[in-house]
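K.L.:
Starting off with a structure, shown below.
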Amino acid sequence: MARGPRGERARDREESDIIEKLVSINRVAKVVKGGRRFGFSALVVTGDGAGRVGFGSGKAKEVPEAIRKATEQAKRKMVRVALREGRTLHHDATGEYGAGKVVVRAAPPGTGVIAGGPTRAVFEALGVQDVVAKSIGSSNPYNMVKAAFEALANTQSPRQVAARRGLKVPEVLGRRGSKADAADAASSAE
């Protein structure tokens, strides 16, 4: 049986590198005629530690099955996030979901991951080494994770901004001697 370069073996190798973080397990009850039926819901964050991260939730009658469902969904919903030097974010961002709000700030080298429970799992799975995050409002893990993903979705790399504006990356970053600096100096002299 021939397998191509992107066959089952390649997929297994990719999936073995994925970091899985269990954020929360919740016991839920359904009230029926004879009493209560208990089930479990799980929230899982997955990432490759190199700029890709996703989250998923699953429900089942047993805990392992709920975790498996959540993990599969998280792997399907992985998104790429632009990182600066592979260790932090390019700029500060804010994300809101429901009553949860997360403020995410880029940090200098050596800071570490300063974040609370669910948002810490997101950054560790993402592979960020230096970041400061503050959760404001709801402490519900689902809202916190979704707000953190909203904040990450709001971040852009200088390359993305430059492409959108039709400029070069140094012009966006404001490096000395660029055309943008010269144009600003000329307009302020008038």
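The values are calculated or read from the model by the stated rules, or taken from the named source; none is laboratory data. Everything numeric here is computed off the predicted structure, so don't read it as measured data. Glycine gets a Cβ as well: all are built from the backbone with ideal geometry, and neighbour counts include every protein chain shown.
K.L.:
Quick check on my filter: what residues within segment 157-173 are buried (at least 17 other Cβ atoms within 10 Å of the Cβ) and touching a residue at least 24 places away in the same chain (Cβ under 8 Å)?
P.N.:
Ser157, Pro158
K.L.:
So Met144 clears everything in (1) of a type outside the set (Gly, Ala, Ser); (2) surrounded by fewer than 20 Cβ atoms within 10 Å (Cβ to Cβ); (3) at pLDDT 90 or above except one condition, right? Which one?
P.N.:
Here Met144 clears every test but (2).
K.L.:
Of all residues in segment 47-78, which are in contact with a Lys or Arg (Cβ under 8 Å, 6 or more places away or on another chain), under 21 Å from Asp17 (Cα atoms) and free of Cβ contacts under 8 Å to residues at least 24 places away in the same chain?
P.N.:
If the condition is that a residue be in contact with a Lys or Arg (Cβ under 8 Å, 6 or more places away or on another chain), under 21 Å from Asp17 (Cα atoms) and free of Cβ contacts under 8 Å to residues at least 24 places away in the same chain, then Gly56 is the only one that fits.
K.L.:
Follow-up. Tell me which of these Lys134 doesn't satisfy, since it passes every other one: (1) surrounded by fewer than 17 Cβ atoms within 10 Å (Cβ to Cβ); (2) more than 30 Å from Ala162 (Cα to Cα); (3) not β-branched (Val, Ile, Thr).
P.N.:
Of (1) surrounded by fewer than 17 Cβ atoms within 10 Å (Cβ to Cβ); (2) more than 30 Å from Ala162 (Cα to Cα); (3) not β-branched (Val, Ile, Thr), only one is false for Lys134: (2).
K.L.:
Quick check, is Gly100 crowded, with 22+ Cβ neighbours inside 10 Å and either without any contact (Cβ under 8 Å) to a residue 24 or more places away in the chain or over 12 Å from the mean Cα position of the chain (by Cα) (or both)?
P.N.:
Spelling it out, Gly100 is indeed crowded, with 22+ Cβ neighbours inside 10 Å and either without any contact (Cβ under 8 Å) to a residue 24 or more places away in the chain or over 12 Å from the mean Cα position of the chain (by Cα) (or both).
K.L.:
While we're looking at this one, here's another question. Residues of segment 15-47 being more than 16 Å from Gly127 (Cα to Cα), crowded, with 16+ Cβ neighbours inside 10 Å and polar (S, T, N, Q), which ones?
P.N.:
Ser24, Ser41
K.L.:
Which of (1) of a type outside the set (Lys, Arg); (2) under 25 Å from Asn26 (Cβ atoms); (3) touching a His at 6+ places or on another chain (Cβ under 6 Å) does Leu152 not meet, given it meets every other one?
P.N.:
Leu152 satisfies all of (1) of a type outside the set (Lys, Arg); (2) under 25 Å from Asn26 (Cβ atoms); (3) touching a His at 6+ places or on another chain (Cβ under 6 Å) except (3).
K.L.:
Among the residues of segment 49-71, which ones are farther than 19 Å from Asn143 by Cβ and touching a helix residue (DSSP H, G or I) at 6+ places or on another chain (Cβ under 8 Å)?
P.N.:
Result: Gly49, Gly51, Arg52, Ala60.
K.L.:
Only residues that are in contact with a Ser or Thr (Cβ under 6 Å, 6 or more places away or on another chain) and closer than 21 Å to Ser24 by Cβ: list them for segment 99-118, please.
P.N.:
Ala99, Gly100, Val102, Gly116
K.L.:
Also, quick follow-up: If you scan segment 59-90, which residues turn out to be more than 16 Å from the chain's Cα centre (by Cα) and modelled with pLDDT under 90?
P.N.:
Hit for segment 59-90 is Glu85, nothing else.
K.L.:
Does any residue of segment 117-126 turn out to be under 13 Å from Gly95 (Cα atoms) and either loosely packed, with under 13 Cβ neighbours inside 10 Å or at pLDDT 90 or above (or both)?
P.N.:
Initial filter on segment 117-126 (under 13 Å from Gly95 (Cα atoms)): 119.
Cutting the leftovers down to either loosely packed, with under 13 Cβ neighbours inside 10 Å or at pLDDT 90 or above (or both) gives us 119.
Scanning segment 117-126, I find at least one residue that is under 13 Å from Gly95 (Cα atoms) and either loosely packed, with under 13 Cβ neighbours inside 10 Å or at pLDDT 90 or above (or both), so the answer is yes.
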